[in-house]
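Undergrad: I have a structure I would like to understand better, so I am pasting it below and will then ask my questions one at a time.
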Amino acid sequence: MMNVCTECGEYSVRREILCDKGVSVCPQCLHQMSFLQLPLFSVTGPSGCGKTTACRILMQSRRDVVVFEGDVLWRNEYAANRTLEFRDLCLRVAKNISQSGRPVVLCGSSSPGEFEQCDEARYFSGIHYLALIARNEEIERRLKARPDWRNSGNNCFIETHQKWADWLRSQDFEQDVTLLDTSDIGIHETLTRLNGWLDSRIAFAQQVDAPEPTTMVSPALHHHNDRPGDL
């Protein structure tokens, strides 16, 4: 919808974005279309760390954001070196949803920096990441406890997500990334911290005074790039 010019009908994902005016420019006829440029909130992290459960409850408890499960758009053909195409599709859907005036919380497995490579990322005022992680032994315990039909208890799957958690811990991200270790906290505490993170990022996006950034609030929470203020 947002990629089709209302004047000439041309479809283009490479429209010029004029952020100061809140418009995109048709490359064919130069017609300017206004749009809402809202932040995007990505809740990500390895399997077994609680992101799906937390987002499912968040969907029912908050009305100022739209929680969207990106995996509903996944098709098997994306696995063949088409991951970026999948990310771009997720952003395209989130962009259109956000035109209702509510920012999107995108739940799914994505690494910081992937969305920024997509054309559709230009339509957001910023992309903020909350990565849920856990200790390796806890990831293994949780994945092995899942039902067999999920196929998440094999060693290859477990090691893949343990390595991703290790990678997230080791990075000094350029993006706004907060790590939340859920190893020793339950779903209610996870939700409390998720809501606090959302509130601080929304306040920053609205240019409201946010709390002063701190290096660490608790042993479970680590923040990379403290521009918007920490929890």
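Undergrad: If you take the residues in the stretch 126-162 that are assigned to a helix (DSSP H, G or I) and more than 25 Å from Glu189 (Cα to Cα), which one is nearest to the chain's Cα centre (by Cα)?
TA: Taking the stretch 126-162 as the starting set, the residues that turn out to be assigned to a helix (DSSP H, G or I) are 136-144, 148-150, 155-162.
In the following step, the residues that additionally are more than 25 Å from Glu189 (Cα to Cα) were identified as 148-150, 155-157, 159-160.
Numbers: Asp148: 28, Trp149: 27, Arg150: 23, Asn155: 27, Cys156: 25, Phe157: 22, Glu159: 23, Thr160: 20 Å.
Looking at residues that are assigned to a helix (DSSP H, G or I) and more than 25 Å from Glu189 (Cα to Cα), I get Thr160.
Undergrad: Here is a follow-up. Suppose the filter is touching a Ser or Thr at 6+ places or on another chain (Cβ under 9 Å) and either among the hydroxyl-bearing types (Ser, Thr, Tyr) or part of a loop (DSSP other than H, G, I, E, B) (or both); does Ser100 pass it?
TA: Numbers: touching a Ser or Thr at 6+ places or on another chain (Cβ under 9 Å): no; either among the hydroxyl-bearing types (Ser, Thr, Tyr) or part of a loop (DSSP other than H, G, I, E, B) (or both): yes.
No.
Undergrad: Testing Met33 on (1) over 30 Å from Val177 (Cβ atoms); (2) touching a residue at least 60 places away in the same chain (Cβ under 8 Å), one condition comes back false. Which one is that?
TA: (2)
Undergrad: Please go through the stretch 168-197 and give me each residue that is part of a helix (DSSP H, G or I) and in contact (Cβ under 8 Å) with a residue 24 or more places away in the chain, ordered by number. Lay out the reasoning, then the answer.
TA: Initial filter on the stretch 168-197 (part of a helix (DSSP H, G or I)): 168-170, 187-197.
Correct list: Leu168, Arg169, Ile187, Thr190, Leu191, Arg193, Leu194, Asn195, Gly196, Trp197.
Undergrad: Hey, another quick one. Give me the residue from the stretch 61-73 that is touching a Cys at 6+ places or on another chain (Cβ under 9 Å) and either in a loop (DSSP other than H, G, I, E, B) or not aromatic (Phe, Trp, Tyr) (or both) and, out of that set, modelled with the lowest pLDDT.
TA: Start the filter on the stretch 61-73 by keeping residues that are touching a Cys at 6+ places or on another chain (Cβ under 9 Å), which leaves 67-71, 73.
Pick out the ones that are also either in a loop (DSSP other than H, G, I, E, B) or not aromatic (Phe, Trp, Tyr) (or both) and you get 67, 69-71, 73.
Values: Val67: 97, Glu69: 94, Gly70: 93, Asp71: 89, Leu73: 93.
Filtering the stretch 61-73 for residues that are touching a Cys at 6+ places or on another chain (Cβ under 9 Å) and either in a loop (DSSP other than H, G, I, E, B) or not aromatic (Phe, Trp, Tyr) (or both), the one modelled with the lowest pLDDT comes out as Asp71.
Undergrad: Something else now. Please enumerate the residues belonging to the stretch 1-60 that are outside any loop (DSSP other than H, G, I, E, B), surrounded by 20 or more Cβ atoms within 10 Å (Cβ to Cβ) and outside the structural domain of Ala165 (by TED's automatic domain parsing).
TA: Ser24
Undergrad: Taking the stretch 112-167 as the search range and keeping residues that are of a type in the set (A, V, I, L, M, F, W, C) and under 30 Å from Ser100 (Cβ atoms), which one is surrounded by the most Cβ atoms within 10 Å (Cβ to Cβ)? Break it down into steps so the answer makes sense when it comes.
TA: Of all residues in the stretch 112-167, those of a type in the set (A, V, I, L, M, F, W, C) come to 115, 118, 121, 124, 127, 130-134, 139, 143, 145, 149, 156-158, 164-165, 167.
Retained after the next criterion (residues that are under 30 Å from Ser100 (Cβ atoms)): 115, 118, 121, 124, 127, 130-132.
Values: Phe115: 24, Cys118: 20, Ala121: 17, Phe124: 23, Ile127: 23, Leu130: 26, Ala131: 28, Leu132: 26.
By that ranking, first place goes to Ala131.
Undergrad: Here's a follow-up. How many of the residues making up the stretch 95-116 are of a type in the set (A, V, I, L, M, F, W, C) and within 24 Å of His161 (Cβ to Cβ)? Quick ask: steps written out before the conclusion?
TA: Here is the first cut: in the stretch 95-116, the ones of a type in the set (A, V, I, L, M, F, W, C) are 97, 104-107, 115.
Then keep just the ones that are within 24 Å of His161 (Cβ to Cβ); that gives 105-107, 115.
Residues flagged as of a type in the set (A, V, I, L, M, F, W, C) and within 24 Å of His161 (Cβ to Cβ) within the stretch 95-116 amount to 4.
Undergrad: Taking Met59 as meeting all but one of (1) in contact (Cβ under 8 Å) with a residue 24 or more places away in the chain; (2) within 16 Å of Leu198 (Cα to Cα); (3) over 13 Å from the mean Cα position of the chain (by Cα), write down the number of the exception.
TA: Met59 satisfies every listed condition except (1).
So that you can scan it fast, the table gives a plain yes or no per residue for (1) assigned by TED's automatic domain parsing to the domain that holds Met59; (2) at pLDDT 90 or above; (3) closer than 25 Å to Gln117 by Cβ:
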| position | (1), (2), (3) |
| --- | --- |
| Gly153 | yes, yes, no |
| Gln162 | yes, yes, no |
| Phe173 | yes, yes, yes |
| Ile185 | yes, yes, no |
| Asp230 | no, no, no |
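The values are calculated or read from the model by the stated rules, or taken from the named source; none is laboratory data. Everything quoted here is computed from the prediction, not taken from an experiment. As a convention, Cβ positions derive from the backbone with ideal geometry for all residues, glycine included, and neighbour counts pool all protein chains shown.
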